[in-house]
Structures are given as C-alpha cells and as structure tokens.
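The values are calculated or read from the model by the stated rules, or taken from the named source; none is laboratory data. Being a predicted model, the structure only gives us computed values, none of them experimental. Don't worry about glycine lacking a Cβ; one is built from the backbone with ideal geometry, like all the others, and counts go over all protein chains shown. We work out accessible area using only protein heavy atoms, side chains counted, and drop any ligands, DNA or RNA first. Shrake-Rupley method; radii C 1.70, N 1.55, O 1.52, S 1.80 Å.
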Amino acid sequence: MEPMIVFLALFATIFGIAYVFLTTRNKERLSLIEKGADATLFERKGTKFSIAKFILNIALLFVGIGIGIFTGWVAVESFGELRYSEVYIMSSVFVFGGFGLITGFFVTRKIEKADNQ
C-alpha cells in the first residue's frame, strides 16, 4: 500500500507543478497582451527542439552510466574488498554520467554549427 501512496504523491506533485506553471504562464501572457504587448514576444528564438539531438544526449548519458558502473566494479575488484564499495560504484556512475552529458553538449553544439553553415 505504501508504494502506491508514494507514486500517487509523486504524480500529484508533478501534475501540480505543471498545472501551476502553465496557468501562470497563460495568465501572464494574457495580461501582457491586454496591456498592448506584441504577440511575437512569445515566439521562441534560436534553435528548435530536435528529437534526434535529445536521443543522442540520452544515449550518451546511458553510455556514461554504463562506463561508470564498469569502472566502479573494476575499481572495487582490483583493490579487493573495500569497506564502502558502493560509494566507488555510485560516484563513478555520476562522474561518467556527467562526462556523457558534457560530451553530448559538445557533440550537439558541433552539429548545430554544421547546420548553420
């Protein structure tokens, strides 16, 4: 019963945040339009969302996590039985996951530069 309550609370929190964000944004835009602001103010500028770039970043994150798990496991196995072996594995997961995200950022930026030329 407790896991169901946790998932319901998590869903309610996410829904509440999204609802407040969207309604507040809508009210703010309506008040700006009523005061005479130009509607082009709300158009996005810059690059548009690309599902391919998103998938590339997620894939590089997962590759980094996999490398982090493997590196943590190798560190634990090579140093013998350590007192806090979970810390080595989890820290390497976060470090290599971060490296994966940084790599995704640079690869995405390179792709965007190539598209603009």
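With θ taken as phi - 60° and the coefficients 6.51, -1.76 and 1.60, list the Karplus ³J(HN,Hα) couplings across the stretch 109-117 in order, rounded to whole Hz; mark glycine and proline as x.
5, 5, 5, 5, 5, 5, 5, 6, 7
Given H placed on each backbone N at 1.01 Å, which residues far from S50 in sequence or on other chains put an amide H within less than 5 Å of it?
The answer is none.
Percent of accessible area on the stretch 7-117 owned by carbon and sulfur, 1.4 Å probe?
70
If we sort 104-117, 5-18 on the protection proxy, mean other Cβ atoms within 10 Å, highest first, what's the order?
Going from most to least packed, we get 104-117, 5-18.
If you line up the long axis of helix 51-78 against the longest principal axis of the chain, both from Cα atoms, how many degrees apart are they, to the nearest 10?
Taking Cα atoms only, the helix is inclined about 20 degrees.
Cα gyration tensor of the chain, axes a ≥ b ≥ c as square roots of the eigenvalues: rounded (a/c below 1.5), prolate (a/b > b/c) or oblate?
Oblate shape, in that a/c is at least 1.5 and b/c is the bigger or equal ratio.
Calculate, for the stretch 1-75, the solvent-accessible area per residue in square angstrom, rolling a 1.4 angstrom probe over the heavy atoms of the protein chains.
86
Between the helical axis of 2-34 and the dominant principal axis of the chain, each derived from Cα atoms, what acute angle in degrees is found, rounded to the nearest 10?
Between helix and principal axis, roughly 30 degrees.
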